[in-house]
1. Grab the other residues whose beta carbon is less than 14 angstrom from that of Glu222, score K and R as +1, D and E as -1, and report the net.
2. Counting only pairs 8 or more places apart or on different chains, how many lysine pairs in segment 2-284 have C-alpha atoms closer than 26 Å?
3. Using alpha carbons only, how many degrees (0 to 90, rounded to 10) separate the axis of helix 224-236 from the longest principal axis of the chain?
4. Just to compare against my own numbers: the Cα pair-distance distribution for the chain, 5 Å bins, whole % per bin, please.
5. Rounding to the nearest 10 and keeping the result within 0 to 90°, find how far the Cα-based axis of helix 70-83 lies from the longest principal axis of the chain.
6. State the extension gain, in nm to one decimal, for the chain segment bounded by Asp127 and Thr16, taking 0.36 nm per residue of separation less the distance between their alpha-carbons.
7. Once phi is turned into θ = phi - 60°, what whole-Hz ³J(HN,Hα) does the Karplus curve with 6.51, -1.76 and 1.60 give for every residue of segment 42-57, x standing for Gly and Pro?
8. Give, as a single signed number, the net charge of other residues whose beta carbon lies under 14 Å from the beta carbon of Thr16, with Lys and Arg counted +1 and Asp and Glu -1.
Amino acid sequence: MSYADANGVRLYYEETGSGTPIMWVHEFAGDCRSWEPQVRFFSRRYRCVTFNARGYPPSDVPESATDYSQEHAADDIAAVLRAAGIAKAHVVGFSMGGYATLHFGLRHPEKALSLTAVSVGFGSDPDKRAQFLKDTEEFAAMLERLGMAEAIKSYQIGPARVRYQNKDPRGFAEFCRMFAEHSARGSANTLRGFMMRRDTLQSLEARLRQITAPVHVITGDEDDNCLEPGVFMKRTIPGAALTVIPGSGHAVNLEEPDVFNRAVLDFLTLVDGGRWRSRDPRSYGKSTLSNKASP
């Protein structure tokens, strides 16, 4: 078993394959196993690195919520890369891990070959912010009171998850089983220290405009908490593209692994081939028809 040291916190990680490195950063309800459909596909031509975030055994579970933050999450990615001897990598992050990926690009731009932000934006919409904070605190309290297996029963069939349950009952059952194996203390601390205190995407607008790495934003069209934030990121980050996967909820990498893998591969192929370009400034023109100056 391999571990990275993140300022005294041990982070479990795995490596598969060889070639240009891809770092896969998991969501709140997942862990390194959540990327199995991607690791099996991409490790045929890339060096894939997955890890469990702090609070997710066998990584350490710090007892205080103050040891969990957006900054910790971004720096933990850098710590795993350092432990694996990787100078630069493509970084693909999902939901909570997607936020961490964006912040990794802001805090460690020299280490990013590209950034892929999947299903990012939960809790960012201004009209949903208060409800997000209320729901998140209630969920953290439930985890502490009831434990993982009981507390997650309503979460795992939330609005953004039911599409997966309907599409793939067998895969959904595996997702729920692995989710229930997580640490209740680590999950509650993650909610309070990381998710409730992270910046909204809108508050990061000026910083997001400064990202120079190629960026790929991916979201499901039925993930209402992330669809509009995805459009916001596309319009804000100069080198961003947006892929919307039809008929999909939050866990697009598990719901539609073939579509997801192809979209990610096409993006990485363009980046690795030096063919990725930032948005042409002419496409920001105010006219709906032409960039030609009025007579």
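Since every read-out is calculated from the coordinates, none of them should be taken as a lab result. Values in this document were obtained by computation on a predicted structure and should not be read as measured data. As a convention, Cβ positions derive from the backbone with ideal geometry for all residues, glycine included, and neighbour counts pool all protein chains shown.
1. So the surrounding residues net to -3.
2. 7
3. In the chain, helix 224-236 runs at an angle near 40 degrees to the longest axis.
4. Computed distribution, short to long bins: 1, 5, 12, 17, 19, 18, 13, 7, 3, 2, 1, 1, 0, 0, 0.
5. Approximately 90 degrees, to the nearest ten.
6. Here the answer is 35.8 nm.
7. Whole-Hz 3J(HN,Hα) from phi for segment 42-57: 7, 5, 6, 9, 10, 8, 9, 10, 10, 8, 9, 4, 4, x, 10, x.
8. Around Thr16, the charge tally is +2.
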